[in-house]
1. Among the residues of region 15-25, are any under 12 Å from the mean Cα position of the chain (by Cα) and β-branched (Val, Ile, Thr)?
2. Would you mind finding the one in Ser55, Ser98 that is crowded, with 17+ Cβ neighbours inside 10 Å and at pLDDT below 95?
3. Residues in region 77-109 that are charged (D, E, K, R) and in contact (Cβ under 8 Å) with a residue 40 or more places away in the chain: how many?
4. Among the residues of region 1-52 satisfying the criterion of being of a type in the set (Lys, Arg) and exposed (fewer than 10 other Cβ atoms within 10 Å of the Cβ), which is modelled with the lowest pLDDT?
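The values are calculated or read from the model by the stated rules, or taken from the named source; none is laboratory data. For clarity, every value in this text was computed on a predicted model and none was experimentally measured. Here the Cβ positions follow ideal geometry from the backbone for every residue, glycine too, while neighbour counts run over all protein chains shown.
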Amino acid sequence: MSKLTNLLANNGYIIVNKALIQKLGLECAIIIGELCSEYSYWEKQQKLEEGFFYSTRENILKNTGLSSYHQRNAIEKLKKMKIISEKYEGILHQKWYSLNVDKLYEILK
């Protein structure tokens, strides 16, 4: 059993808040968990740009298993609720995300 525990204890997890699942649905909660992880990564790298960080649909797919269709639906819902913001920058038209922490706190109360 300890080999299984060690295998599962590695960092291959997405933090998914149970209250967010109840309030927003599983896919939105997964997207928020993944984007929070990416935010934390870019913050540690000191590469946030005015609170925005870069990610791709492919990266989110790899880390969550959510298809582009499910990502788009969840991200559109989260944008309408003003929980996340998107912007496009660069020659390659890269997508950048920002999280509205105040709105998340409001939802979790």
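1. Yes - at least one qualifying residue is present in region 15-25.
2. Criteria check complete, one pass: Ser55.
3. 2
4. Lys3
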